[in-house]
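Written out below as structure tokens is the structure these notes cover.
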Amino acid sequence: MLRPVRTDRRRTTSPRSAAPLGRRLPLVAAAVVAAGLTAACGPSSEPAGSAAAAAAAGQSSQAFPSASQSATASAEASPTASASPSASASAPTSASPTPSRAQSGAASTGGGSAKPARTSAAPAPAKVPGPGYDSSADAQKQIDAALRAAKADGRMVLLDFGANWCGNCKAADKVFAQSQTAGILGASYHMVKVDIGGNSSANSALLRKYSPSGGTYTMPVLVVVSPSGTVRTDTHVTGNPPLTSEGINAFLRKWAS
């Protein structure tokens, strides 16, 4: 809507009203143009009291964008304004570095004071008797001691029934004295040698206790007994292994566990 141009009624009596009509036409034209721009772009914040003000309003509406446009332009012109919150939010994250491996290792070991690993020492090898058979030894007492030791360390008990005049017993003694066979005996057995070549009825009773099948015995008679006292094998029943290092070692390894 075109607003009417305000005119001063006192111009008819003012001496200035006598100005030529050609001088006032440009002002009237400018006011009309300003009123048209105001109607097209919306009311101006400047008062429409003069043609010059209207013309200035028209120029300002063309030269400067609206408030919403200026806000959008300023947001586009300064991307750091919208990026600054995320930057400030990410700052604390980068300020706390990940602990190093050395620090985490020290924390897991209690400040570097790591406890030494627990190691269980291997039991000392059992004593291996020498060659021959002691006819004066208390065989029952020796067997009882071997069974107590076997219960403590889990080894087997090897009973060797023989005689000092027995050739096969001497051949077996030579193998028992070898380092490899002696190592197997010391690691896995408590060995007791029982003389049955004399007149000891007590030792003969022990033979019948641990090898009850009877009959004619071929010496040496090797009997493997568990820590609980149970007979595991008896060569009087199964036959002797070859009296060589390979044969005896294989026999000892087989019944060691």
Residue match in segment 230-241 (condition: touching a helix residue (DSSP H, G or I) at 6+ places or on another chain (Cβ under 8 Å), under 18 Å from Ala182 (Cβ atoms) and free of Cβ contacts under 8 Å to residues at least 60 places away in the same chain): yes
Of all residues making up segment 133-153, the number that are among the acidic types (Asp, Glu), without any contact (Cβ under 8 Å) to a residue 40 or more places away in the chain and not in a helix (DSSP H, G or I): 1
Gly247 being among the small types (Gly, Ala, Ser) and at pLDDT below 95: no
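Residues that are of a type in the set (Val, Ile, Thr) and buried (at least 20 other Cβ atoms within 10 Å of the Cβ): list the strands (runs of 3 or more DSSP E) wholly contained in segment 165-257 that include at least 3 such residues. Give the derivation first.
Working: elements: 189-195, 221-225, 231-234.
Per the criteria, 221-225.
The values are calculated or read from the model by the stated rules, or taken from the named source; none is laboratory data. Everything quoted here is computed from the prediction, not taken from an experiment. With ideal geometry, Cβ positions are generated from the backbone for all residues, glycine too; neighbour counts draw on all protein chains shown.
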